[in-house]
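Written below as structure tokens is the structure these notes are about.
The values are calculated or read from the model by the stated rules, or taken from the named source; none is laboratory data. Computed from a prediction, not measured in an experiment: that's the story for all the values here. When we count neighbours, we look across all protein chains shown, and the Cβ atoms used for this are built from the backbone with ideal geometry, even at glycine.
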């Protein structure tokens with residue numbers, strides 16, 4: 001069966017989401033519904049305003065060097081001490097690598113920088129004597145550039161991580177099984193041991209669906225295939241990587257399992273990218289949603305069919321013989337990284353929020369990849385829209401998702417590679433502020449008209465809601481895993 005469809009409008013905000021219970025793809029977002037969603041998180045525009053490279057200041061010549069940038073770990077103030085015990089091998093490794101106690105930090109407990117219940121990132125930073133809107137001075141500021149958050153999003157919110165990543169290189173670990181922290185730590189420590197021989201080859205893999213009759217995956221596949229699979233500039237070709245590609249009808253559930261096993265012509269991939277719909281199990285029982293929310297919808301899915309074991313790939317589908325130690329994944333799909341408690345974009349007919357679940361969650365698939373040896377996973381919290389690969393006018397901009405992959409293939413640390421997505425967020429936030437045509441608001445706050453006045457004329461333009469979606473879409477990328485991990489590129493064959 002051919003995976004073709006009619007040419008879709010090029011700038012519709014269509015999310016990559018399937019209702020698992022009904023099999024229905026989410027319809028395009030009605031732009032008029034976004035008028036009340038113009039405000040951004042504080043400090044969002046500051047990155048573009050006062051920083052020319054990453055989040056570090058003049059004191060750091062090379063942010064890829066831990067002896068200059070430093071490393072720290074942030075726990076919830078009431079975290080189970082057993083979690084820290086499980087992570088101790090990784091903590092010890094980073095301490096040795098940093099080589100300077102002033103560039104190394106453990107933030108834990110109620111009096112030593114552990115995140116207090118309900119504490120905001122701004123409050124946490126103020127207590128440390130640093131600013132969320134200034135470049136990072138890891139030596140004098142006392143907060144290293146690379147920060148690993150440990151804890152679930154119901155305890156340390158997604159917003160906390162999003163604000164920190166505007167200046168710092170931030171990742172997160174959150175497992176349901178405490179021993180998974182230890183499995184992850186041991187895998188990273190072993191991989192970074194110079195005597196360990198990586199499983200991966202100098203190979204990358206791309207797996208992207210184009211489901212029959214589906215507009216969203218047609219847009220995604222068209223953009224990815226044209227850019228990533230270019231005969232003159234394929235993904236990873238400049239740093240000398242081979243590329244194994246599985247687009248459209250090749251993007252099956254079985255093929256994704258083989259990618260994880262490393263059974264590819266070019267060998268086990270060091271980096272792999274997946275592009276697809278993500279499953280939404282809202283309305284199912286809490287245990288089922290916890291297991292399958294954000295599972296990847298495979299090529300076997302046909303519009304209108306419920307998702308399940310034959311046409312989705314969840315954490316339970318990661319094979320026991322996967323060869324992932326030393327690999328980094330980028331999962332492009334709705335909820336591929338996590339899910340908030342309410343829908344940020346769609347509303348009930350009466351305008352009230354749509355509940356997604358009882359608590360925010362990290363998706364089970366990236367958790368399974370990390371406990372199976374993967375170094376890091378870039379995913380998405382909330383809905384993923386096509387504005388990652390095209391701008392609000394429909395112009396292709398694949399560099400938004402390609403840049404992190406290319407940086408990883410050049411040996412950049414994961415937090416450094418993912419930082420390009422934070423810069424995109426800041427740029428779009430600034431563009432939105434300019435488009436609104438209002439007077440400058442406090443740092444990071446969206447411009448608003450005075451109470452009782454008429455909003456700026458620009459706010460009625462269709463570009464405003466599109467920019468709003470694009471901005472929030474860029475903000476909602478999340479790095480799971482230690483932001484300081486990187487590929488041992490020189491050791492890959």
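Some notes on this structure:
- Flag if residue 427 is surrounded by fewer than 24 Cβ atoms within 10 Å (Cβ to Cβ), within 23 Å of residue 55 (Cα to Cα), free of Cβ contacts under 8 Å to residues at least 60 places away in the same chain and in contact with a helix residue (DSSP H, G or I) (Cβ under 7 Å, 6 or more places away or on another chain): no
- In region 263-278, the residues that are under 23 Å from the mean Cα position of the chain (by Cα) and closer than 21 Å to residue 321 by Cβ: 268, 269, 270, 271, 272, 274
- Test: residue in region 144-160 that is under 17 Å from residue 105 (Cα atoms) and out of contact with any strand residue (DSSP E or B) (no Cβ under 6 Å at 6 or more places or on another chain): no
- Matching residues in region 345-386 - criterion: being surrounded by fewer than 24 Cβ atoms within 10 Å (Cβ to Cβ), part of a loop (DSSP other than H, G, I, E, B) and touching a helix residue (DSSP H, G or I) at 6+ places or on another chain (Cβ under 7 Å): 357, 358, 360, 373
- A single member of 137, 193, 214 is without any contact (Cβ under 8 Å) to a residue 60 or more places away in the chain and either more than 22 Å from the chain's Cα centre (by Cα) or buried (at least 19 other Cβ atoms within 10 Å of the Cβ) (or both), and it is 193.
- Residue among 49, 32, 82 that is more than 22 Å from the chain's Cα centre (by Cα), assigned to a helix (DSSP H, G or I) and modelled with pLDDT of 90 or more: 82
- Matching residues, region 471-486, being under 17 Å from residue 90 (Cβ atoms), touching a strand residue (DSSP E or B) at 6+ places or on another chain (Cβ under 8 Å) and either in a loop (DSSP other than H, G, I, E, B) or modelled with pLDDT under 95 (or both): 482, 483, 484, 485
- Residues (assigned to a helix (DSSP H, G or I) and surrounded by fewer than 16 Cβ atoms within 10 Å (Cβ to Cβ)) located in region 98-127: 101, 102, 123, 126, 127
- When residue 420 is tested against (1) touching a helix residue (DSSP H, G or I) at 6+ places or on another chain (Cβ under 7 Å); (2) touching a residue at least 60 places away in the same chain (Cβ under 8 Å); (3) not in a loop (DSSP other than H, G, I, E, B), only condition (2) is not met.
- For region 398-408, a residue qualifies if it is over 20 Å from residue 366 (Cα atoms) and either modelled with pLDDT of 95 or more or surrounded by 17 or more Cβ atoms within 10 Å (Cβ to Cβ) (or both), and the qualifying residues are 398, 400, 403, 406, 407.
- When the criteria are applied in full, residue 241 meets the requirement of being within 18 Å of residue 202 (Cα to Cα) and over 22 Å from the mean Cα position of the chain (by Cα).
- Test: residue in region 337-344 that is under 16 Å from residue 18 (Cβ atoms), buried (at least 18 other Cβ atoms within 10 Å of the Cβ) and modelled with pLDDT of 95 or more: yes
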